[in-house]
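A.B. asks: First the structure, which I've put down as structure tokens, then a few questions once you've had a look.
FYI, it's all coordinate maths here, none of it is from the lab. Remember, predicted model here, so these are calculated numbers, not experimental data. A quick note on method: Cβ atoms are made from the backbone with ideal geometry, for glycine too, and the neighbour counts reach across all protein chains shown.
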Amino acid sequence: MALRDIITKPNVLAFAKAGIDVARVAQRLRREGYESMIVPSRGAVPFLRVATSYYRSVVVPCMPRDDRLSKGYSTAFGPLTLALDIPFTADAGHLGVDGLTSAHIRRYWARVVAAIVRRQVDDPHYRFFRFVRDEVCQVGHHDSLEWRMESERFLFIDTVVSGRAVCEIVEAFDAEGLDQIHYILLLDEDGAAMRQPYRARIHALASSGRATLIKVPSLFTEDQGPAVSGIWSVVVPKLMDLAREEPGMRDGFTGAGLYYHEVQKREDDSNVEVTKAIARLGQILFQAMHVAADPDEVLQDLEQLGSDFSGDTALHNLYQQPDLFGRWLDHQIEDYLGHLEQYQLFDKANTRTTASGRVLAGVPGGKAEIDVSTSHCIRLHIEDAEAKRLMRQFRASLAKPYWLDADRTERA
């Protein structure tokens, strides 16, 4: 389907409304003890950017001045702020890894998350995740948000097409004993894209109170690469294969990958068009959020925060927002589409060209090649001898603790 058939004004408005729904669900669940969130999906990130803006830009400005500080301030914290990106990508390369299924890879990532929330930093699955990022491909950063995730009770937001991926992830978490997670699931085609038996499992999850389902007419950000999110996904298939022979990982559950963020324009301008696209989409969704905001829901949100409208002016301004923010929305969507088409930013060849220099520069020695999947996942291919050397280095690293000090400030 052509971009112009899916990135339409109605779909953009529905997308923004779904982001608002994410914000409202997260705020409600925060009162039930959900203070953090795992984000496994690049396609979910634009929804989260709407969600983080909703209370700050729509709800709090409606409050009396004193309430903005005493009651509105708290909305700046919680799971939407403490959101950790974990690459549950189940890509193992175009040749695959013999005997390794998508469920095996997702079980590995569930173990990584379990180690984070349980403070088991010497778990070999977590250590391998850090090794890939710290030693194999040095493009990411060690996210300090990990050390603020102190509970097995957290949110997990994901986009859903067929439903297979999230069902495998739920099964993986349940197998690790992580059964207090609440899943916020964004359903493509308003849920019509789901297939059996996954559809039945997902609806059962919602019926049991473990999931909130949010329907979206078009997940137009799904599998479209970093030009919509600024998040790049890298997997290392060769290391996935070799890691299965490592102590503590011989049951076949393994993965090797990372996410890294890059939005800022480079000095050589090699990513400038991607950066512009991300900024344009952000502006479009910000405006669409103001158009899609429901005054009745804003009143409910104010009441839940213990506040009310500051007066008739605030209420009047809220009702004026759709006209004010929607005035140039058609034009901006057209400009965005023109930009995507002109520079072919949703083409995987563009993702490969833009990512190549940055990713390969992060590989010590630089001896590697990359290709890109249809979902814009970057596959890092390293030589056999180098892969074996890295695994020997990883095995030796397990003999040392991850941190030298109790405050976790100095690496071993």
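A.B. asks: Each residue of the range 199-206 in order: what ³J(HN,Hα) in whole Hz does its phi give by Karplus 6.51 cos²θ - 1.76 cosθ + 1.60, θ = phi - 60°, with x for Gly and Pro?
C.D. replies: 4, 4, 5, 5, 5, 5, 4, 5
A.B. asks: Something else now. Work out from phi, with θ = phi - 60° and the Karplus expression 6.51 cos²θ - 1.76 cosθ + 1.60, the ³J(HN,Hα) of each residue of the range 32-41, listed in order in whole Hz, and give x for Gly and Pro.
C.D. replies: Residue by residue, the range 32-41 yields 9, x, 8, 9, 9, 8, 9, 10, x, 10 Hz.
A.B. asks: Which of Ile20, Ile105, Ile278 moves the most in a Gaussian network model of the chain with Cα springs under 10 Å?
C.D. replies: Ile278
A.B. asks: Continuing with this model, one more query. In nm, give the distance between the simple-model label positions of Ser356 and Asp268, each being 7 Å from the Cα along the Cα-to-Cβ direction.
C.D. replies: 1.1 nm
A.B. asks: Using every Cα-Cα pair within the chain, state what percent have a distance larger than 27 Å. Let's see the in-between values first.
C.D. replies: Working: 45104 of 84666 pairs.
Tail fraction, whole percent: 53.
A.B. asks: In the range 75-141, if the dipole is taken from +1 on Lys/Arg beta carbons and -1 on Asp/Glu beta carbons about the Cα centre, which of Phe128, Ala114, His104 is farthest to the positive end?
C.D. replies: Positive-most Cα among the choices belongs to Ala114.
A.B. asks: Something else about it: Stretched out fully, how many nm does the piece from Asp174 to Asp371 gain, at 0.36 nm a residue minus the Cα gap?
C.D. replies: Additional length available on full extension: 67.6 nm.
A.B. asks: Mind checking which of Val363, Val298, Pro197 is farthest towards the positive end of the chain's charge dipole, using Cβ charges of +1 (Lys, Arg) and -1 (Asp, Glu) about the Cα centre?
C.D. replies: The residue sitting most towards the positive pole is Val363.
A.B. asks: Right, another one. Taking the Cα centre of each part, how many Å lie between the range 287-311 and the range 222-270?
C.D. replies: Computed from Cα coordinates, the inter-centre distance equals 39 Å.
A.B. asks: What ranking do 158-164, 198-204 get when scored by the average of other Cβ atoms within 10 Å per residue, highest first? Numbers along the way, then the final one.
C.D. replies: Values: 158-164: 20.6, 198-204: 16.1.
Highest mean packing first, the order is 158-164, 198-204.
A.B. asks: Positive end of the dipole of the range 25-115, charges at C-beta (+1 Lys, Arg; -1 Asp, Glu), about the Cα centre: which of Cys62, Thr89, Gly78 has its Cα farthest in that direction?
C.D. replies: Cys62
A.B. asks: So between Ala314 and Arg119, what do we pick up on full extension, going 0.36 nm a residue minus the alpha carbon distance?
C.D. replies: Stretched fully, the Ala314-Arg119 segment lengthens by 65.6 nm.
A.B. asks: Filter Lys9/Lys215; Lys265/Lys348; Lys238/Lys276; Lys215/Lys265; Lys17/Lys71; Lys9/Lys276 down to the pairs with a C-alpha to C-alpha distance above 28 Å, please.
C.D. replies: Lys238/Lys276; Lys215/Lys265
A.B. asks: Excluding Gly362 itself, what net charge comes from residues whose Cβ is under 13 Å from its Cβ, given Lys and Arg +1 and Asp and Glu -1?
C.D. replies: Neighbourhood net charge equals 0.
A.B. asks: Calculate how steeply helix 272-292 sits against the longest principal axis of the alpha-carbon atoms of the chain, using the helix alpha-carbon long axis, and give the answer as 0 to 90 degrees to the nearest 10.
C.D. replies: Orientation of helix 272-292: about 40 degrees from the principal axis.
A.B. asks: Further question on the same structure: Where is the GNM fluctuation largest for the chain (alpha-carbon springs, 10 angstrom cutoff): Leu155, Leu281, Leu299?
C.D. replies: Leu299
A.B. asks: About the Cα centre of the chain, how large is the charge dipole given +1 on each Lys and Arg Cβ and -1 on each Asp and Glu Cβ? Please answer in debye to the nearest 20. The partial results should precede the final answer.
C.D. replies: On the way: 49 positive and 58 negative charges, 137 e Å.
Using only the charged Cβ atoms, the result is roughly 660 debye.
A.B. asks: When the Karplus curve 6.51 cos²θ - 1.76 cosθ + 1.60 is applied with θ = phi - 60°, which whole-Hz ³J(HN,Hα) does each residue of the range 112-126 get, with x for Gly and Pro?
C.D. replies: Along the range 112-126, the couplings run 4, 4, 4, 5, 5, 6, 9, 6, 9, 6, 9, 4, x, 5, 5 Hz.
A.B. asks: Which order do the peptides 304-314, 38-48, 176-186 take when ranked by the mean count of other beta-carbon atoms within 10 Å per residue, highest first?
C.D. replies: On the way: 304-314: 14.4, 38-48: 24.9, 176-186: 19.1.
Order by mean packing, descending: 38-48, 176-186, 304-314.
A.B. asks: Angle between the Cα long axis of helix 164-175 and the longest principal axis of the chain, 0 to 90 degrees, nearest 10?
C.D. replies: 70 degrees
A.B. asks: Which whole-number percent gives the relative contact order of the range 3-397, counting Cα pairs below 8 Å spaced six or more residues apart? Provide the component values of the computation, followed by the final result.
C.D. replies: Values: 661 pairs, mean separation 92.4, N = 395.
Relative contact order of the range 3-397: 23 percent.
A.B. asks: To continue, here is another question. Grab the Cα-Cα distance for Thr81 and Ser57, subtract it from 0.36 nm times how many residues apart they are, and report the gain in nm with one decimal.
C.D. replies: 7.1 nm
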